[in-house]
1. Quick check on my link table: of 35/312; 294/459; 382/402, which ones sit more than 18 Å apart, alpha carbon to alpha carbon?
2. Working from the pairwise distances between different alpha carbons, so that the mean of 1/r is found and then inverted, what is the range 180-244's Kirkwood radius in Å?
3. Show log10 I(q)/I(0) for the range 102-208 at q = 0.13, 0.17, 0.20, 0.23 Å⁻¹, two decimals, from a solvent-free Debye sum over equal Cα scatterers.
4. Could you name the lysines in cross-link range of residue 314, using Cα to Cα under 17 Å and dropping any fewer than eight places away on the same chain?
5. Please state, to two decimals, what the Cα-based radius of gyration of the range 39-179 comes to when divided by 2.2 N^0.38 Å (N = residues).
6. Any number yet on Rg/Rh for the range 140-276, C-alpha, Kirkwood?
7. For the range 35-104, state which trypsin sites (Lys or Arg not before Pro) are in a DSSP loop and have at most 13 other beta carbons lying within 10 Å of their beta carbon.
8. Among 159, 389, 99, which comes first, second and so on when ranked by fewest other beta-carbon atoms within 10 Å?
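Nothing in this text is a laboratory measurement; each read-out follows from the coordinates by a stated rule. Everything quoted here is computed from the prediction, not taken from an experiment. Don't worry about glycine lacking a Cβ; one is built from the backbone with ideal geometry, like all the others, and counts go over all protein chains shown.
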Amino acid sequence: MRQPVLLLAMQAAWSCLCRATQHYPAAWGHYDVCKSQVYTDEGLTWDYMACQPEAGDMTKYLRVTLDPPNITCGDPPETYCALENPYMCNNECDANTVELAHPPELMFDFEGRNPTTFWQSTSWRKYPKPLLVNITMSWNKTIELTDDIVITFESGRPEQMVLEKSLDYGRTWQPYQFYATDCLDAFTMDPKTVQDLTQHTLLDIICTEDYSRGYVWKYDKTVRFEIKDRFALFAGPQLHNMASLYGQLDTTKNLRDFFTITDLRIRLLRPATGATMVDENNLSRYFYAISDIKVQGRCKCNLHANSCVFDKEKLTCECEHNTTGPDCGRCKKNYQGRAWNSGSYLPIPKGTANICVPSIVGPVIRQNVSSLGVANRNQECKCDPFGSESDRCNGTGFCKCKEGATGPKCTECQPGYLWNNGCKSRVCDELLRCQNGGVCHNNLRCQCPAAFTGLLCEKPRCEGEAAGCGDPDSGQAALRLPPTPLLLLPLLLAPAWAAPL
């Protein structure tokens, strides 16, 4: 059964096609109508508009995996003590008893229960070996974030943590934000807050100490990735000037990509200790516990769909504008009369649909354009020699672009490509940065330091006795589903791999 994920907000308008449709974006840019019929001097015709699904709770549609897979408490059963009181030891975890089990799905259940439900890790019984956990959330779909990511801890908030994102279904990862009680010590980064950012530094990856200091279990238990505050840099503190934000999202590709993900990963590196010294005689006080994770967003449909459905465990855009694909990322068959392009928020309030137009087919049409086709085959259309297959038009009067290229003359690059004598697959830029001290070369590849390798310098070379690489108990093993090339390193090496970006 197909379950609608995001409802069409103006279904009533469709019941009367002759009614003029007002199209105003809601607070978060909900362009809710893809097309409407209007009367013109020529009669009844379609008016096409940019459109996108309504934002909603995306945690309903994710798959969660943990690494190490046996990091959840309860097997064997274990008793925990309170961080603030080492003599209060009445928290029991037993995976074989429903009332005492704390599986990963409890991070995403509906809150309001009494007592609160939560996922919990094993205790730090192998101290001083780091207690490392990867929590990976996968959608198998490109989504756009529209609100703060909020993680609520039942335990004390971790003293060191990294939030990461993937744009390619977990093949590569980039940091979103670092969290620590001491950013300089943990990640060799100066501490900052989102309030320190400007329009020009919006894409900077920062380390914040706001969510890690002090006896945090007595006060706020949440850790945030502040998306609204970043939106406010363009739209104002109350987000009243959304037109400014739409304009920036429309014209600055890296900005839109910044809020786009296929996967999220929480890397827990050091639990709350509540003191400078760890009590080695009572290690059951130290663990991670998360009661809730909030991820608000929408399916990315390239402004070619106003609804998204969850069918057979998969999210898919219901594409309009003669487009098709999971993200409406290509033109339908027989609608490839011009190169596909995403919709545009501008001009406000309708945007630009950039619909796919029919290919030139049929005997009557061919007869009308046959002379044009002959002329095109014999004239240069000034198609770019690097971006197109030929400098001459094809039979329909358009340049035939190479992979990654688009535009009338094949001089523009599709998302994920960068112009370098043609459109080359982009690896690194101000958003997709090289890690571990690597240097981005021509936006196309990372030059890695000697100790690291990988597309983004994300992998330690693991030569000799380097950092216990490959130890399955170290928490460094890559996730099985989906594959995660970025390995966890022990805390003692954190300054080496977390150099300032």
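1. 35/312; 294/459
2. Answer for the range 180-244: a Kirkwood hydrodynamic radius of 13.3 Å.
3. Debye output, listed in q order: -0.67, -1.12, -1.38, -1.46.
4. The reachable lysines, counting only those whose Cα sits under 17 Å from residue 314, are 60, 141, 300.
5. For the range 39-179, the normalised Cα radius of gyration is 1.48.
6. We get a ratio of 0.98 for the range 140-276.
7. none
8. Going from least to most buried by this count: 99, 389, 159.
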